[in-house]
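Step one of this worksheet: look at the structure below.
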Amino acid sequence: MNILLLNGPNLNLLGDREPDIYGATTLTDIERTLAHRAAEQGAELAAFQTNHEGEAIERIHAARGEADAIIINPAAWTHTSIALLDALKAFEGPVVEVHLSNVHQRESFRHHSYVSKRADGVIAGLGAYGYAAALDFVVQRLSGAAF
Ligand code: DQA
């Protein structure tokens, strides 16, 4: 079982960037913890972060036929990118959209998500734990567990 973890723009600065909103955990910590958690459940995690929208789209294209599920924090592209939505629509497996912060409590421009149109589920406001919850969900979904 192969799972792609895709993080969008500015998330390479996690731990340093607005820690009151996004927490103190770095992206490297999140990726490492998630890779371990995946391995414990018999899954393999590939992690990718980019600040370039085209690279994110190409990574999603490459995931077709290669990854079984995508966990994505599209960051600011959440609220702007029909191109990212369309790329995700071309991917067949489960997609979970994760936001560290509770976007619904924040500025109104963060309330709308293009990506949610394709996501099977959306997690917001649980901090770094949201990625772990997303991982556990996709592993269960892919292994056909009822709950
Ligand atoms: C974010 C929320 C987005 O609105 C913002 O642009 C981000 C991070 C989050 O994880 O809370 O960069 O996706």
Cβ-defined net charge surrounding Ile72, 12 Å radius [Lys, Arg +1; Asp, Glu -1]: 0
Charge context of Ala43, other residues only, Cβ under 11 angstrom, K/R +1, D/E -1: -3
For His99, residues with placed amide H under 5 Å, excluding near neighbours: Ile123, Ala124, Gly125
Residue-averaged [θ]222 nm for the chain, counting only DSSP H segments that reach four residues, each worth -39500 (n - 2.57): -10500 deg cm²/dmol
Relative contact order %, the chain, counting alpha carbon pairs below 8 Å whose residues are six or more apart: 26 percent
Cα pair distances in the chain, grouped into 10 Å bins until the bin that holds the longest one, percent each: 12, 46, 36, 6
Residue exposure sequence - Thr78, Thr25 - by fewest surrounding Cβ within 10 Å: Thr25, Thr78
Within the range 79-147, GluC sites (Glu not before Pro) in DSSP loop having at most 15 other beta-carbon neighbours inside 10 Å: Glu92, Glu107
Compactness relative to 2.2 N^0.38 Å, alpha carbon Rg of the range 74-145: 1.11
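Readers should treat all values here as calculations from the given coordinates under stated rules, not as data from a laboratory. All figures in this text were calculated on a predicted structure; none of them were measured in a lab. Note: ideal-geometry Cβ built from the backbone for every residue, glycine included; neighbour counts use all protein chains shown.
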